[in-house]
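Structure record follows, encoded as structure tokens.
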Amino acid sequence: MRDGEIERAVAVLRAGGLVAFPTETVYGLGADASNAAAVRKIFVVKGRPATHPLIVHLADAVQLANWAREVPEAARRLTRKFWPGPLTVILKRAPGVSDVVTGGQDTVALRVPSHPLALQLLARFGGGIAAPSANRHGRVSATTAEHVRSEFGAAVDCVLDGGDTQIGIESTIIDCSGAGAALLRPGWITRRDIEAALGAALAAPPADAPRVPGTLAAHYAPRTPLALVEGERAAELAREHARQGRRVAVLALSARRPPLEGLEWIAAPRDAAGYAHALYASLRRLDDSGCDTILVEQPPRSPEWAAINDRLARAAAGTSAPDET
Ligand code: TXA
Ligand code: MG
């Protein structure tokens, strides 16, 4: 299936070009991880600071040995259980892994995604593909090929279209490079899932934990100011704003739409999986609606919503601190 497209994408990677591809989480913007000049293009196109390291995507766990100089027991357990899948592990890098990929750190982020197109691409390419999420730095990740094209246009040489991504938010990141495994970024695989697989509690991230842009307060943000509000407050605030002649857009969960003209209103799926799947596309739609403010109804605070709440809090912080985007 789609052999021609995969072959073309592989040729682009071999020539040092950029290929956007679907993963089960979000789209990635990929380059040959062993070609420093190619990887540098990712930073230019994304507008990403050179110190922010990338994830190297691999076809299978066997390739770990080419990229990591040691694979501790915790990493073995996690990768056995969750790969291919939405888990990234941070390990001590093998000699020869480029500073461009790791942001000059002694560690490297590695992941085997489960999307069939990503796996086909990785298998045919044979090497590691360095890929951050396919969005401009600090902005909402892309969950469709259309998002990628509208964000980057001709700056990306090839976009593999795999439809909309299944999970919709970025992978869980676990740092296994230190004494105890630590959660750096929550994702669809929850803290509880990780601790069950480890048979041990996660450690607190080390004080000198590498900088992770996905953990900056201001990240994953639309351009329009976004506020998180509790329950029915969303509808009340929408009315108040409308009275003051301001246009609002609402991502609602339980709130009922008030009968206001011109109100952009999305009723989000009530289950965490459905919500995560639709989240970034919804934020993009609300952002593009030309409104003055986006109101997001606060989801439940239970563990299965942790990654969603993490991204929403950053989106709200991001829009009030534009200098960090
Ligand atoms: O689901 C995902 O993880 C997606 C898909 C495309 O795989 N990728 C993604 O990449 O979200 P990106 O670059 O947007 O986020 C990767 C995160 C960044 O926050 C980066 O700082 C962190 O991984 N990271 C990469 N290398 C690291 C390292 N050596 N130590 C600590 N964090 C690292
Ligand atoms: Mg990102």
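The values are calculated or read from the model by the stated rules, or taken from the named source; none is laboratory data. Keep in mind the model is a prediction, meaning the values are calculated, not measured. Positions of Cβ are backbone-derived with ideal geometry, glycine not excepted, and every protein chain shown enters the neighbour counts. Only protein heavy atoms, including side chains, enter the accessible area calculation; ligands, DNA and RNA are left aside. Shrake-Rupley method; radii C 1.70, N 1.55, O 1.52, S 1.80 Å.
Here is a yes/no grid of residues against (1) in contact (Cβ under 8 Å) with a residue 12 or more places away in the chain; (2) open to solvent by less than 10 Å² (accessible area, probe 1.4 Å):
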position: L78; (1), (2): yes, yes
position: V89; (1), (2): yes, yes
position: L117; (1), (2): yes, yes
position: Q120; (1), (2): yes, no
position: R136; (1), (2): yes, no
position: E146; (1), (2): no, no
position: A155; (1), (2): yes, no
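Just one residue in the set G138, G85 is of a type outside the set (D, E, K, R) and at pLDDT 95 or above; that residue is G85.
Restricting attention to region 32-46, the residues that are open to solvent by less than 50 Å² (accessible area, probe 1.4 Å) and of a type outside the set (S, T, N, Q) total 9. Residue count for region 247-296 satisfying the condition of being open to solvent by less than 50 Å² (accessible area, probe 1.4 Å), part of a loop (DSSP other than H, G, I, E, B), under 19 Å from R233 (Cα atoms) and touching a residue at least 12 places away in the same chain (Cβ under 8 Å): 7.
Yes/no per residue for (1) at pLDDT 95 or above; (2) closer than 21 Å to L18 by Cα:
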{"position": "K41", "(1), (2)": "yes, yes"}
{"position": "V44", "(1), (2)": "yes, yes"}
{"position": "T51", "(1), (2)": "no, yes"}
{"position": "L54", "(1), (2)": "yes, yes"}
{"position": "Q63", "(1), (2)": "yes, no"}
{"position": "R76", "(1), (2)": "yes, no"}
{"position": "K92", "(1), (2)": "yes, no"}
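For region 173-189, residues that are under 19 Å from R93 (Cα atoms) and either touching a Lys or Arg at 6+ places or on another chain (Cβ under 7 Å) or of a type in the set (K, R) (or both) total 3.
Run down V100, V62 and say which single residue is within 13 Å of ligand 1 (Cβ to nearest atom), in a helix (DSSP H, G or I) and open to solvent by 20 Å² or more (accessible area, probe 1.4 Å).
Sole residue among the options that is within 13 Å of ligand 1 (Cβ to nearest atom), in a helix (DSSP H, G or I) and open to solvent by 20 Å² or more (accessible area, probe 1.4 Å): V100.
Residues in region 216-246 that are within 16 Å of ligand 2 (Cβ to nearest atom), farther than 14 Å from V296 by Cβ and buried (at least 16 other Cβ atoms within 10 Å of the Cβ): 3 in all.
Counting only helices (runs of 4 or more DSSP H) wholly contained in region 111-214, the ones carrying 1 or more residues that are within 27 Å of L286 (Cβ to Cβ), within 14 Å of ligand 2 (Cβ to nearest atom) and not β-branched (V, I, T) occupy 145-152. Residues that are in a helix (DSSP H, G or I) and in contact with a Lys or Arg (Cβ under 8 Å, 6 or more places away or on another chain) were ranked within region 308-325; the one that is modelled with the lowest pLDDT is T319. Is one or more of the residues making up region 86-93 part of a loop (DSSP other than H, G, I, E, B) and away from ligand 2 (no atom under 16 Å from the Cβ)? Scanning region 86-93 turns up no residue that is part of a loop (DSSP other than H, G, I, E, B) and away from ligand 2 (no atom under 16 Å from the Cβ). Counting the residues of region 125-162 that are over 18 Å from P49 (Cβ atoms), among the hydroxyl-bearing types (S, T, Y) and either within 14 Å of ligand 1 (Cβ to nearest atom) or under 17 Å from the mean Cα position of the chain (by Cα) (or both) gives 2.
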